[in-house]
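Q: I have a structure here, written as structure tokens, and I will follow up with some questions on it.
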Amino acid sequence: LAKAYQQSDEYEDARIQYMHAQQLLDPVDKLNADIFLGLGQLALAQSDEPQEALDLFSQATRNFPGARSYLEALLGKADSEAKLGLHGEAIKHLGQARDKLLQNVNIDVLLQGQLYEIAFSYYSFSADRGDYKLALDYLMLLKVMYAPHELPLDLLINLAVVHTRLAEQRMTEVPHFESADEPTAVDAKLSRQRRGETYQDAAVHYKKAG
């Protein structure tokens, strides 16, 4: 009944039903994972502050790792972490979810699609902010998910775009001495070395973009 209310966007009624069901369960019953998952999804949908959702998803993953809803709770946890700016943790947990999905012979396409949607949304968010390194980290999650099969066209295109942007960024970072400066021989050597490394990094990104 709680899920039916949730799917109808009747969030308060859904929350009441989840809380009622929880009162009827033994604390170690794995069905509690479904309740924490549902409550976490409600918190994520209703609030601009995802910390409550993160706490609920974490209870599901920490206390019920063998529950059938574990993977979905792990995705919710990663989504909450990314909303809080905890991108390192989010990428780690998305990677864990991806790896568990890939261990199954018959992959859960609904969870795969959910993972793709979460990772791609934060790729777009990071790219829009000009943080192409973080954007690439999110895309690489998805690239690994499809290997060794052919990558979807939109993923290929966005990988090329982000590598191009990273190359352009690296080229703008090529160090130059101000004309008024009088660099020492050591400074000049260090500058040449840094410029060489920057050009090499840019070349790698341009190659991958191609």
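Q: With +1 on each Lys and Arg Cβ and -1 on each Asp and Glu Cβ, and nothing else charged, work out how big the dipole of segment 1-80 is about its Cα centre, in Debye to the nearest 20. Walk me through the intermediate numbers first.
A: Numbers: 6 positive and 13 negative charges, 81 e Å.
Dipole size: approximately 380 debye.
Q: Within the set of other residues whose C-beta is less than 9 Å from the C-beta of LEU44, count the net charge using Lys and Arg as +1 and Asp and Glu as -1. Intermediate results must be reported in sequence, preceding the final value.
A: Working: positive: LYS83; negative: GLU52, ASP79.
Residues near LEU44 contribute -1 overall.
Q: So for the pair LEU24, ASP131, with labels modelled 7 Å out along Cα→Cβ, what separation do we get in nm?
A: Placing both labels 7 Å along Cα→Cβ, they lie 4.3 nm apart.
Q: Binning every alpha carbon pair distance of segment 1-118 at 10 Å from zero, what are the percents per bin?
A: Once binned at 10 Å, the Cα pair distances of segment 1-118 give 15, 44, 34, 7.
Q: Just list whichever of LYS77/LYS208; LYS100/LYS133; LYS92/LYS208; LYS83/LYS207 have alpha carbons separated by over 29 Å in the model shown. Can you show the working numbers first?
A: Numbers: LYS77/LYS208 32 Å; LYS100/LYS133 25 Å; LYS92/LYS208 24 Å; LYS83/LYS207 32 Å.
Too far apart for the 29 Å limit: LYS77/LYS208; LYS83/LYS207.
Q: A further question on this structure: Taking 7 Å along the Cα-to-C-beta vector as the label spot, tell me the TYR146-VAL204 distance in nanometres, rounded to one decimal.
A: Each label point lies 7 Å from its Cα, and together they span 2.3 nm.
Q: Another one. Computed FRET efficiency, Cβ-Cβ of ASP154 and GLN46, R0 35 Å: what is it to the nearest 0.05?
A: Numbers: r = 30 Å, r/R0 = 0.87.
Step by step, r from the Cβ atoms, then E = 0.70.
Q: Might you tell me the accessible area per residue for segment 1-152, computed with a 1.4 Å probe and given in Å²? Could you put the intermediate results ahead of the total?
A: Working: 8210 Å² over 152 residues.
The answer is 54 Å² per residue.
Q: Once label points are set 7 Å from the Cα along Cα→Cβ at both ARG68 and LEU84, what is their separation, rounded to one decimal in nm?
A: Calculated label separation equals 2.9 nm.
The values are calculated or read from the model by the stated rules, or taken from the named source; none is laboratory data. Predicted model only: the values in this text are computed from it and were never measured. Quick reminder, even Gly has a Cβ in these numbers, built from the backbone with ideal geometry, and neighbours come from all protein chains shown. Surface accessibility is based on the protein's heavy atoms, side chains included, excluding ligands, DNA and RNA. Shrake-Rupley method; radii C 1.70, N 1.55, O 1.52, S 1.80 Å.
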